[in-house]
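> Got a structure here, written out as structure tokens. Questions coming.
Please treat every number below as a calculation from the coordinates, not as lab data. Source: prediction; values computed, not measured. Glycine gets a Cβ as well: all are built from the backbone with ideal geometry, and neighbour counts include every protein chain shown.
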């Protein structure tokens with residue numbers, strides 16, 4: 001359900017930073033960080049918010065946070081979930097300042113209106129280039145004029161009968177209204193921003209703390225995970241050189257040194273899938289074909305826990321002296337992944353059959369120390385059970401190893417139907433033979449329900465339709481017009497990879513082991 005209150009919202013003044021953002025909501029900030037910030041504020045500041053997406057295409061269409069009581073709309077791109085556009089839809093609901101000067105004078109008991117063109121042009125920002133006039137579709141409604149500055153644009157309603165003279169005369173005409181809306185974006189002008197609004201590289205960091213805190217105290221942001229195979233994952237970083245996670249070698253101390261301490265440490269306590277591992281061992285099935293039949297497939301929901309059996313200030317060195325029965329998830333919510341720390345007994349498999357070697361079936365001697373044995377990359381997709389828990393992390397299967405379909409790389413935005421077609425073409429014959437030996441169904445997937453319990457999104461109104469209304473109302477256009485709720489997901493396994501797939505064909509979690 002939505003967060004609601006009977007009290008009138010307390011208007012909090014926010015400063016405009018052209019080209020950068022609005023107050024603490026910095027352009028380029030991650031959806032997860034900004035939503036966390038909003039939820040942490042007093043209820044009087046942000047009484048209610050709604051999240052809206054295209055349920056069928058959550059990675060291709062923008063993700064929206066609506067703040068009706070504050071007159072704000074925040075738009076994030078679907079692929080990277082970074083704030084691309086801030087829209088002020090109602091000037092009466094939020095005070096705005098620029099260099100200490102109010103955009104709108106708010107008087108108690110009187111409805112506020114937007115700034116006039118004369119005030120914007122003459123007192124606030126000064127002269128600018130000609131904007132764009134958008135005629136009304138019917139001709140009976142006012143036209144819209146978009147006036148643009150670097151990083152900021154205003155919309156005005158103008159009379160359709162106004163003579164098409166210079167824009168200063170048009171916007172100064174008595175029939176022209178005060179500004180009805182304002183947009184904040186990255187770009188030299190609104191026309192420039194529209195060219196690649198949702199894909200343009202962001203000059204600002206995702207993390208709000210990284211943007212406002214001292215740089216020396218912040219770990220560098222991880223931008224992209226490149227899956228190389230054989231347990232090697234390369235993480236591209238924002239400013240520093242790439243960081244490499246190597247399964248069966250990276251230790252807890254390595255993690256803390258390279259990317260900082262985890263947000264939570266969670267003791268793995270669900271080993272129910274071990275029954276499949278015992279059956280695989282009884283039939284003598286090799287590791288290549290037992291991906292879905294061993295403990296690489298987790299029903300443990302560590303990734304959606306908000307509390308932990310181990311506090312986050314625990315001494316990490318103690319975790320390395322545990323017995324083999326004790327395994328721990330290091331949950332990095334701010335980076336978008338979880339890492340299982342346990343004892344590795346086998347080498348991590350390659351991405352393609354031509355990389356197989358005799359060493360892949362060698363059982364290793366037990367080590368007294370815990371190492372990283374599994375990595376779970378979270379997509380933070382609406383309707384997934386762990387939505388809003390992790391920042392979205394993007395990934396790609398190493399193009400140098402995987403020959404892609406239609407020269408397109410297999411990425412976190414690729415539909416699973418396409419991913420499956422490609423991986424089946426690589427592993428199909430080997431898996432078919434393994435299924436025959438094991439007596440398993442050819443579909444090679446299981447269904448799991450992550451929604452049997454409290455959803456972390458239970459306090460958020462999550463709408464699955466699509467709208468582009470000009471006011472703060474919400475019209476859900478999905479077929480059922482009902483809020484999204486977590487449902488069953490399919491788990492598909494390939495060599496070294498397990499995909500958790502939603503009903504809309506999006507990969508919500510990719511596990512590498």
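> Can you pull the one-decimal nm distance between simple spin-label points at residue 403 and residue 92, each 7 Å off the Cα toward Cβ?
Between residue 403 and residue 92, the simple spin-label model gives 6.5 nm.
> What's the ranking of 63-76, 89-102 by average number of surrounding C-beta atoms within 10 Å, highest first?
With the highest mean Cβ count within 10 Å placed first, the list reads 63-76, 89-102.
> Now, a different point. Fewest first, what order do 509, 104 take by the number of other Cβ atoms within 10 Å?
104, 509
> Sorting 258, 77, 386 on the 10 Å Cβ count, fewest up front, what's the list?
With the sparsest Cβ surroundings first, the list reads 258, 77, 386.
> Moving on to the next point. Residue 194 to residue 326: FRET efficiency via 1/(1 + (r/R0)^6), r the Cβ-Cβ distance, R0 60 Å, to the nearest 0.05?
Efficiency for this residue pair is about 0.65.
> Once the Cβ-Cβ distance between residue 369 and residue 141 is put in as r, and R0 is 51 Å, what FRET efficiency do you end up with, to the nearest 0.05?
That pair, residue 369 with residue 141, gives E of 0.10.
> Tell me, 338, 155, 172 in order of fewest to most beta-carbon neighbours within 10 Å?
So the residues, fewest neighbours to most, are 172, 155, 338.
> Testing the spin-label approximation: label points 7 Å from Cα along Cα→Cβ at residue 36 and residue 239. State their distance in nm.
2.0 nm
> Give the calculated FRET efficiency between residue 254 and residue 488 to the nearest 0.05, with a Förster radius of 22 Å applied to their Cβ-Cβ distance.
0.05
> Here is a follow-up. In what sequence, highest mean first, do 420-426, 502-508 appear when ranked by Cβ atoms within 10 angstrom?
Descending mean neighbour count gives 502-508, 420-426.
> When the C-alpha atoms of the stretch 115-179 are aligned to their principal axes, what extent does each axis show, in angstrom, from largest down?
Answer, in whole Å and largest first: 33, 23, 20 Å.
> Here's a follow-up. For residue 132 and residue 267 in one chain, what is 0.36 nm times their gap in residues minus the Cα-Cα distance, to one decimal in nm?
42.8 nm
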